[in-house]
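Everything on this sheet refers to the single structure shown next.
What follows is calculated from the coordinates using simple rules that are stated; it is not laboratory data. In this text the structure is predicted, and so the values were computed from the model without any measurement. Using ideal geometry, Cβ is built from the backbone for each residue, glycine included, and neighbour counts are taken over all protein chains shown.
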Amino acid sequence: MLTDSDVTAGERLAGRELGSELEHELKSSAYEARLLDERVPVDAVRVATDGRSGFDIAREEMAATDWLL
């Protein structure tokens with residue numbers, strides 16, 4: 001499961017949403033993040049994406065799932 005901080009999520013949403021839609025998406029994102037955190041098994045792989053490249057994130061995901069690089 002890919003994760004990010006509330007700050008990073010807010011920055012990403014602000015880059016693509018405007019006005020009242022931004023506020024709605026911020027609330028929705030926070031709610032959904034909490035649901036995932038509560039419902040996804042504790043032993044599920046979680047990969048933080050804050051400040052990382054897509055390549056770096058993919059490499060960690062692949063290593064965690066034993067995919068060959």
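Couple of notes before you dig in:
- Label-to-label distance, GLU38 versus GLU11, with points set 7 angstrom from Cα along the beta-carbon direction: 2.9 nm.
- Measuring r between the beta carbons of ALA64 and LEU26 and using R0 = 35 Å, the FRET efficiency lands at 0.75.
- Nonlocal amide H pairs with VAL47, under 5 Å, H built at 1.01 Å: LEU2, THR3
- Counted by Cβ distance under 12 Å from THR8, the other residues give a net charge of -2, where Lys and Arg count +1 and Asp and Glu count -1.
- In Hz, Karplus ³J(HN,Hα) per residue of the range 38-53 (6.51, -1.76, 1.60; θ = phi - 60°; x = Gly, Pro): 6, 9, 6, x, 4, 8, 5, 5, 10, 10, 6, 10, 4, x, 10, 6
- Shape call, the chain: gyration tensor on alpha carbons, a/c limit 1.5: oblate
- As a rough footprinting exposure proxy, the listed residues THR65, THR8 were ranked by other beta carbons within 10 Å of their own, and the order from fewest upward is THR65, THR8.
- Using the Cβ of ILE57 as centre and a radius below 13 Å, the other residues enclosed give a net charge of -2, where K and R count +1 and D and E count -1.
- Neighbour counts of C-beta atoms inside 10 Å place ARG46, ARG34 in the sequence ARG34, ARG46, starting with the fewest.
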